[in-house]
Amino acid sequence: MVLTFIVIYIVVTLLIGAMTARKVKSASDFVLAGRKLPLMLASTALFATWFGSETVLGASSEFVAHGLLGVIEDPFGASLCLLLIGLFVARPLYRLKILTLCDYYRQRFGKRVELLASLCMIPSYFGWIAAQMVAMGLIFQAIAGINMVVGICVGAAVVLIYTYIGGMWAISITDFLQSMMIIGGLLYLMVDLLDAAGGIRNVLAQTPEGFFDFLPKPEPVSMLEYLAAWITIGLGSIPQQDVFQRIMAAKNVKVAVRASYIGASMYLTIGFVPLVIGLCAGQVYPEILNSADDAQLFIPQVVLAHMSLPVQALFFGALLSAIMSTTSGAILAPASILAENIIRPRIKDQGDKKALQLLRLSVVIVTVCAAIMANLQSNIYDLVAQSSALSLVSLFVPLIAGLYWSRATKSGALLSIVLGMAIWLIAERLETAVPPILLGLSASLLGMLVGSVLRLQLAGE
């Protein structure tokens, strides 16, 4: 029954992709849904940006193992990101009428910064997409005993097809339907497990001391790690094409801002549901938790072993919905940059028909590369952390400085990207006591200040 339900769900998703293909007549339609999304679709699209395998599988296992401090990055950091975008980024970027975030870097700092930003941004998505593909492989392995490699390829193929056909239109409509399924399925499972655990008071009484501590120990290393957890996604995902394209797809600037706030609220509240599910399941079925070869498979194993078939169908349908929502948008983001900011400026044919062909070809390229990466690394939480750190240390400072510091220059942006990336990579290799992401971000800020000030002085300003 569960596998049949999943197959039906996949078929419906593909049909939605085919139906929305009629709306795609230009690059703007494909990347930004023609900038026509109403508040409801824009909000659920933003909520679905990251609500995938990391939140449902990765964050829940981290929560069970390390308590509240183990999930600062997600959902807290992710919610912070959407809130900050609504407050400081959505308005100025929406008014620019650009197709990709790298178009902003070109307009503000020139073509060399655009190219460098593109080369930084595209690889940052592969870990994120691969994490979702790993999760899809885990689902197919859990419910049908399918080999992980085959499961990853099947999941990747399904998402590729409807993203290739319908672009952002297909993503937005399926995001709305998938979000409803995610919320319903996870809430039902949470209530079921809370009842089995004897209610919320009994669950809280059984948690160890310090499990719900929200602040770190007053030690330098712990406090720096805590700060790094907040900003990895909280700041690192602000200069990302996937969230940018979901904001820019809104029908006007007010909808874009309000959708950011609603998306942040949804992510924070609904993001706690899988955490509660993991906590309850760990107390009710400790034998499965202790015997699980992969902590990420703990909740799926509990559902398969102890839940009724309708609950299994709801859970795996909701989980697959969450993962496919995240994967489709994450694939379209680097594909848009690859086509629009790397390939298209270097060819003679600049027509819309050619642009659509390049976008769809880029979707295929990104999907294949991410699928290969998914088969090389299987830890969801690690894959996601790698993707956000890359954009934080290279692209965050030039974006914010360009928007809010009139004296930011091209030289400052170039030095910021290069220095931030270099210091981060060196610190990662040396395994420094200070989190490498903080060193990289500090170096990026220093690069912007030094590069811009020196350039202005040389220019006599």
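For the set LYS217/LYS410; LYS217/LYS254; LYS23/LYS410; LYS254/LYS348; LYS36/LYS354, the pairs lying more than 32 angstrom apart at their alpha carbons are LYS217/LYS410; LYS217/LYS254; LYS23/LYS410; LYS254/LYS348.
Determine the shape class of the chain: with a ≥ b ≥ c the square roots of the Cα gyration tensor eigenvalues, call it rounded for a/c under 1.5, and otherwise prolate if a/b is greater than b/c, oblate otherwise. Verdict is oblate for the chain. Working note: Karplus 6.51/-1.76/1.60 with θ = phi - 60° gives segment 59-68 the couplings 5, 5, 5, 5, 5, 4, 7, 10, x, 5 Hz, where Gly and Pro are set to x. Label zone (ALA459, point 7 Å along Cα-to-C-beta; backbone nitrogen cut-off 12 Å) within segment 413-427: 413. If you take all other residues with their beta carbon under 15 Å from the beta carbon of VAL311, and give Lys and Arg +1 and Asp and Glu -1, the sum is -2.
Using only alpha carbon pairs under 8 Å that are at least six residues apart, calculate the relative contact order of the chain and give it in whole percent.
31 percent
Inter-part distance, segment 147-216 to segment 352-369, computed on C-alpha centroids, equals 29 Å. Magnitude of the charge dipole for the chain, about its Cα centre and with charges confined to Cβ atoms of Lys, Arg (+1) and Asp, Glu (-1), is about 2600 debye.
In terms of its C-alpha gyration tensor, segment 1-111 comes out oblate, because a/c is 1.5 or above while a/b does not outweigh b/c.
Placing pseudo-labels 7 Å out from each Cα toward the beta carbon at PHE88 and GLN350 gives an inter-label distance of 3.4 nm. Annotation: extensible slack from VAL12 through HIS306 equals 103.0 nm (criterion: 0.36 nm per residue apart, minus Cα-Cα distance).
With K and R counted +1 and D and E -1, the other residues having a Cβ less than 11 Å from that of LEU69 yield a net charge of -3.
With a simple spin-label model that places each label point 7 Å from the Cα along the Cα-to-Cβ direction, the separation between TYR226 and LEU3 comes to 4.9 nm. Calculated mean residue ellipticity at 222 nm for the chain: -24500 deg cm²/dmol, from DSSP H runs with n ≥ 4 weighted as -39500 (n - 2.57), summed, divided by the residue count and rounded to 500.
At a Förster radius of 35 Å, what calculated FRET efficiency corresponds to the Cβ-Cβ distance of VAL154 and GLU431, to the nearest 0.05? Computed FRET efficiency for VAL154 and GLU431 comes out at 0.40.
With a/c under 1.5 counting as rounded, go ahead and sort segment 208-283 into rounded, prolate or oblate using the C-alpha gyration tensor (a ≥ b ≥ c being the square roots of the eigenvalues; past the cut-off, prolate if a/b is larger than b/c, else oblate).
Working: a/c = 3.13, a/b = 1.60, b/c = 1.96.
Note, shape of segment 208-283 comes out oblate.
Excluding VAL450 itself, calculate the net charge of residues whose Cβ lies under 14 Å from the Cβ of VAL450, where each Lys or Arg counts +1 and each Asp or Glu counts -1. Can you show the working numbers first?
On the way: positive: ARG407, LYS410, ARG455; negative: none.
It works out to a net charge of +3.
Every number here is computed from the coordinates shown, using simple stated rules; none is lab data. Everything quoted here is computed from the prediction, not taken from an experiment. We place every Cβ from the backbone using ideal geometry, glycine too, and count neighbours over all the protein chains shown.
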